[in-house]
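One structure coming up, written as structure tokens, with questions to follow.
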Amino acid sequence: MAAFATLISQTADLIPSGKAHLRDTTQDGARTLDAFLISVERKAFKIAQLALRHEADALDVVQDAMLQLSSRYASRPADEWRPLFYRILENRIRDVQRRRAVRNRVMAFLPWRADEEDQESDPIAQAVDRSPAPPAQLESDEMLGALERALTALPNRQRQAFLLRNFEGLDVAATAVAMKCSEGSVKTHYFRAIQALRSKLGEFWT
């Protein structure tokens, strides 16, 4: 993310010395934007990974969202960046999901042999790690695994509302902006997500 700040700083250096105040303002804005992007990077990646279940695709989506925010909305007030960023992120996630759906429909018409797939698989990479896990770590892994499976099973809009409200901490109004829907819809999706998670998580729910 430092590359965005560097690019803006280089642009600021081209401003004539007689307009130093403009250069200082641009550099301050770059630092503020850079700090914002760093603050949302990990949570945004987790949201994308839960939605797409693919690490590389999730990373690409987050990077694209950051680039789009920086190139299109850097001049907007800083307090508008968070809902704008998550709106862009959700749009990029849906783009990837749509491309996957199209690709899957195409692949359904192509010949496919399971034995060919098996021949290309790496038996070493697929070997099971049988080392025992500490009880506390095992319990934590089970809980996180249960949560991720429950979140993945939610309808997209319910998962979005839950993650933006709980994981990112957006309020109802900012979540509505990010999801491009009404505040009433956010409340409905969030309520249904909570009900579904309580039902699925059982003993893990507190």
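Could you check region 150-162 and list, in sequence order, the residues that are farther than 13 Å from residue 87 by Cα and under 14 Å from the mean Cα position of the chain (by Cα)?
151, 152, 156, 159, 162 - these are the residues of region 150-162 that are farther than 13 Å from residue 87 by Cα and under 14 Å from the mean Cα position of the chain (by Cα).
Can you report the number of residues in region 67-86 which are part of a helix (DSSP H, G or I) and closer than 18 Å to residue 170 by Cα?
Here the count works out to 10.
Return the residues of region 52-80 that are under 8 Å from the mean Cα position of the chain (by Cα) and under 17 Å from residue 156 (Cα atoms); say none if nothing qualifies.
Correct list: 58, 61.
Still on this model: Among (1) within 15 Å of residue 90 (Cβ to Cβ); (2) at pLDDT below 90, where does residue 161 come up short?
Unmet for residue 161, out of (1) within 15 Å of residue 90 (Cβ to Cβ); (2) at pLDDT below 90: (2).
Looking at region 154-176, which of its residues are part of a helix (DSSP H, G or I) and surrounded by fewer than 20 Cβ atoms within 10 Å (Cβ to Cβ)?
Correct list: 156, 157, 166, 167, 172, 173.
The values are calculated or read from the model by the stated rules, or taken from the named source; none is laboratory data. Small disclaimer: the values here were computed from a predicted structure and weren't measured. No Cβ is skipped: glycine too gets one built from the backbone with ideal geometry, and neighbour counts run over all protein chains shown.
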